[in-house]
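For reference, the structure is listed below as structure tokens.
The values are calculated or read from the model by the stated rules, or taken from the named source; none is laboratory data. This structure is a prediction, so every number in the text was calculated from the model and none was measured. Note that we place each Cβ from the backbone using ideal geometry, even for glycine, and neighbour counts take in every protein chain shown. Heavy atoms of the whole protein, side chains included, go into the accessibility calculation; ligands, DNA and RNA do not. Shrake-Rupley method; radii C 1.70, N 1.55, O 1.52, S 1.80 Å.
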Amino acid sequence: MQIRENVSLAPMTTMKIGGPARYFCEAVSLAEIEEAVAFAAQHELPIFILGGGSNILVSDDGYPGMVLHVAMNDVTSREEDEELFLTVGAGYRWDDLVALAVSRGVWGIENLSAIPGTVGGATVQNIGAYGCEVGDVITLVEVYDPTTSRVQTLNNAECRFSYRDSVWKHEGKGLIVLRVTFRLRRKATPNIAYKDVAAFFAQEGIITPTLGDICTAIIAIRSAKFPDLTTHGTAGSYFKNPVVSARDAEEFLSRFPDAPHYPLHNGSVKLSAAWIIDHVLHMRGVRAGHVGCWDAQALVVVNYGDASADEVRNFARDIQERSLLLAHIALETEVINVA
Ligand SMILES: Cc1cc2nc3c(=O)[nH]c(=O)nc-3n(C[C@H](O)[C@H](O)[C@H](O)COP(=O)(O)OP(=O)(O)OC[C@H]3O[C@@H](n4cnc5c(N)ncnc54)[C@H](O)[C@@H]3O)c2cc1C
């Protein structure tokens, strides 16, 4: 395995921003991961695990340690009754996994079509879209712990999945995802209740969509909302949807009665960050220098060409400050800062 020095990270991210990694390597096996971890320990370097770079903002100064890109992409499968268990390397492209599941005729991740990134990143971020979250179909995650040099397997409960959250953001920080097992269903279980998806099928006159129909719908809906990654830089939704107490929600809704809101099981309420940015801050389509909020989806912060990480961070901070001031709602970033 080659450990390279001063490797530019911008082309490895969908934001297309960021300085160099002091050291960079790509590991295709556990042995190579161990080698990279040993090198970092020997040189007392911090490690950042890079997947597809689709949910990160790398600082303009780059990363002072070792960037380790996990590129394991083996796939094994096991049939059990009406279910197919797919065990997939962390470096496997997420959307290729969706295509694989569809080609094998199994249900569970089709609503997550066309999300950039890798299986490892999808697991850590607990990706979700159109009424589906990946944590719901993950049964096991094999991880390598650099502090103990041991491989262990986490079950679903141990992954502590919740909205864009998982154990990797808390006490599991630093655990390297090696492989993930997904439980997918043979039985057709279309999940088309989400507003945009339901509207798509109503318009198409399709009542019982196939897996392929759902992928087509999701891709069509997404391509109208997200910029083309070949022409614009973005990391998708920049902020999480805020989850607030019932009391805070009541105060917010008394001022903005039209705001979409979703009561959760525990009594708290999820609000729409996109709606707040659009209807309270009026920043949808607003551009400052090389950075802006995408016209078709206010939550998507876009690099129009030559934006620096500082510019993006300042723009995002401005949105957060305005949200506090005008909506009295704190917006937490979904995108991870790498510095
Ligand atoms: C156009 C666009 C649309 C998007 N749409 C959605 C959407 O609909 N829903 C959604 O949830 N997200 C969405 N995203 C965000 C992003 O695609 C996901 O979060 C994605 O799963 C990140 O995966 P990645 O491999 O790119 O991870 P990276 O961005 O490389 O890393 C993200 C985090 O995961 C960690 N990580 C990555 N691999 C490993 C590993 N093997 N072991 C341990 N840690 C690891 C990194 O250290 C980092 O903390 C979108 C992004 C873009 C650009």
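For beta carbons closer than 7 Å, sequence separation of 6+ or different chains, a first residue in the stretch 108-127 that is under 11 Å from residue 214 (Cβ atoms) and a second that is open to solvent by 10 Å² or more (accessible area, probe 1.4 Å) and near the ligand (Cβ under 7 Å from one of its atoms), the qualifying pairs are 111/129; 112/127; 112/129.
From 113, 54, grab the single residue that is modelled with pLDDT of 95 or more, within 11 Å of the ligand (Cβ to nearest atom), hydroxyl-bearing (Ser, Thr, Tyr) and not assigned by TED's automatic domain parsing to the domain that holds residue 179.
On the way: 113 fails: not assigned by TED's automatic domain parsing to the domain that holds residue 179.
The unique qualifying residue is 54.
Scanning the stretch 148-164 for residues that are touching a strand residue (DSSP E or B) at 6+ places or on another chain (Cβ under 8 Å), of a type in the set (A, V, I, L, M, F, W, C) and either open to solvent by 70 Å² or more (accessible area, probe 1.4 Å) or assigned to a strand (DSSP E or B) (or both) turns up 151, 154. Annotation: of all residues in the stretch 165-206 being closer than 27 Å to residue 332 by Cα and of a type in the set (Lys, Arg), the one that is least open to solvent (accessible area, probe 1.4 Å) is 169. Against the numbered list (1) within 16 Å of the ligand (Cβ to nearest atom); (2) open to solvent by 20 Å² or more (accessible area, probe 1.4 Å), residue 108 comes up short only at (2).
The rows are residues; the columns are (1) in contact with a Ser or Thr (Cβ under 7 Å, 6 or more places away or on another chain); (2) within 14 Å of residue 12 (Cα to Cα); (3) open to solvent by less than 40 Å² (accessible area, probe 1.4 Å).
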{"site": "27", "(1), (2), (3)": "no, no, yes"}
{"site": "36", "(1), (2), (3)": "no, no, yes"}
{"site": "40", "(1), (2), (3)": "no, no, yes"}
{"site": "43", "(1), (2), (3)": "no, no, no"}
{"site": "47", "(1), (2), (3)": "no, no, no"}
{"site": "56", "(1), (2), (3)": "yes, yes, yes"}
{"site": "62", "(1), (2), (3)": "no, yes, yes"}
{"site": "66", "(1), (2), (3)": "no, no, yes"}
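Filtering the stretch 117-147 to residues that are in contact with a helix residue (DSSP H, G or I) (Cβ under 7 Å, 6 or more places away or on another chain), open to solvent by 30 Å² or more (accessible area, probe 1.4 Å) and assigned to a helix (DSSP H, G or I) leaves only 124. Within the stretch 239-266, residues that are surrounded by 17 or more Cβ atoms within 10 Å (Cβ to Cβ) have Cβ atoms under 9 Å from residues that are hydroxyl-bearing (Ser, Thr, Tyr) and part of a helix (DSSP H, G or I) in these pairs: 239/323; 242/323, counting only partners at least 6 apart in sequence or on another chain.
Does the stretch 39-57 include one or more residues that are part of a strand (DSSP E or B) and touching a Leu at 6+ places or on another chain (Cβ under 6 Å)?
Step one: of the stretch 39-57, the residues part of a strand (DSSP E or B) are 47-50, 56-57.
Checking which are touching a Leu at 6+ places or on another chain (Cβ under 6 Å) leaves us with 47, 49.
Taking every residue of the stretch 39-57 in turn, at least one turns out to be part of a strand (DSSP E or B) and touching a Leu at 6+ places or on another chain (Cβ under 6 Å).
Consider residue 226 carefully, then state whether it is closer than 21 Å to residue 122 by Cβ, in contact (Cβ under 8 Å) with a residue 24 or more places away in the chain and open to solvent by 40 Å² or more (accessible area, probe 1.4 Å).
Values: closer than 21 Å to residue 122 by Cβ: yes; in contact (Cβ under 8 Å) with a residue 24 or more places away in the chain: yes; open to solvent by 40 Å² or more (accessible area, probe 1.4 Å): yes.
So residue 226 passes the test.
Restricting attention to the stretch 228-237, does a residue exist that is within 12 Å of residue 323 (Cβ to Cβ) and of a type outside the set (Val, Ile, Thr)? Within the stretch 228-237, not a single residue is within 12 Å of residue 323 (Cβ to Cβ) and of a type outside the set (Val, Ile, Thr).
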